[in-house]
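Input: a single structure, listed below in structure tokens.
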Amino acid sequence: MQDDVKRRAGPYEGDGKTKSFPFSFYVFSANDVKVVTSVKDSTVEETLEKGVDYSVTVNADQNATPGGTVVLTNALASNHTLSILSDLPYTQEMQLTNFSRFPPEILNSAMDRTVILIQQLKELASRNLTVPATSNQTPQELLTAILDTASTANAYAAEAKAIFEKSVLIEANVTANADSVSLMKLS
């Protein structure tokens, strides 16, 4: 039986030294794990290649202690983040025939696999940007609009700051000139 677990470990922050990262979700094999990295705060991620960029050790008894450890070939850079994801293929593995009994292990394994696949989709959906069902806009178009708005807002903020700093200088000059005029009147 599979508990309702998050099928992602991380994101882990790189420190330039750490190579080993744990995960605690059930897997059938080391091939059921995917590792992704990105530059911190970037929206672009890279999928690492198993056997080249990392190796996976799974705990021997997945029922008692699910999960394992991902070990990177090179330490995760300090400006990078890493996530470990469940990556069970979306296939149907159970094969039943009319001429064999239905062993509970096969049925339980097939049901566990189905639940894991659903949990993978749930984890992915939890990170998705969604639009209303009545919208003509795609999630990517919405994200682009949000990022464009943020960029424009940052530009306006920088412009406002420059205007403010210029007005502070003008105010200082006006005050200095007013003080000079006052001193001239007194003399």
Might you tell me the accessible area per residue for the chain, computed with a 1.4 Å probe and given in Å²? 70 Å²
Taking a 29 Å limit on the Cα-Cα distance, which of the listed pairs K161/K185; K40/K166; K6/K50 fall beyond it? K161/K185; K40/K166
Quick note, region 23-86: a/c under 1.5 would make it rounded; otherwise a/b > b/c is prolate and the rest oblate (a ≥ b ≥ c, C-alpha gyration tensor); here it is prolate
Given H placed on each backbone N at 1.01 Å, which residues far from V33 in sequence or on other chains put an amide H within less than 5 Å of it? D87
Each residue of region 89-103 in order: what ³J(HN,Hα) in whole Hz does its phi give by Karplus 6.51 cos²θ - 1.76 cosθ + 1.60, θ = phi - 60°, with x for Gly and Pro? x, 7, 10, 9, 9, 7, 10, 10, 10, 6, 9, 10, 6, 9, x
Two decimals is fine: what is log10 I(q)/I(0) at q = 0.12, 0.13, 0.18, 0.22 Å⁻¹ for region 77-153, from a Debye sum with one equal scatterer on every Cα and no solvent? -0.64, -0.70, -0.93, -1.06
Residue-wise HN-Hα coupling along region 45-58, computed from phi with Karplus coefficients 6.51, -1.76, 1.60 (Hz; x: Gly, Pro): 10, 10, 8, 6, 9, 5, x, 10, 8, 7, 10, 10, 10, 9
Tell me the carbon and sulfur percent of the accessible area for region 62-125, rounded to whole percent, probe radius 1.4 Å. 61 percent
All-pairs alpha carbon distance profile, region 1-119, 5 Å steps from 0, percent: 2, 11, 20, 20, 16, 12, 8, 5, 3, 2, 1, 0
Taking amide H positions as placed 1.01 Å from N in the peptide plane, with prolines and chain starts having none, which residues 5 or more places from K40, or on another chain, fall under 5 Å of its amide H? H80, T81
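The values are calculated or read from the model by the stated rules, or taken from the named source; none is laboratory data. Worth saying up front: this structure is predicted, and the values here are computed from it rather than measured. These accessible areas exclude ligands, DNA and RNA; they are computed on the full protein's heavy atoms, side chains included. Shrake-Rupley method; radii C 1.70, N 1.55, O 1.52, S 1.80 Å.
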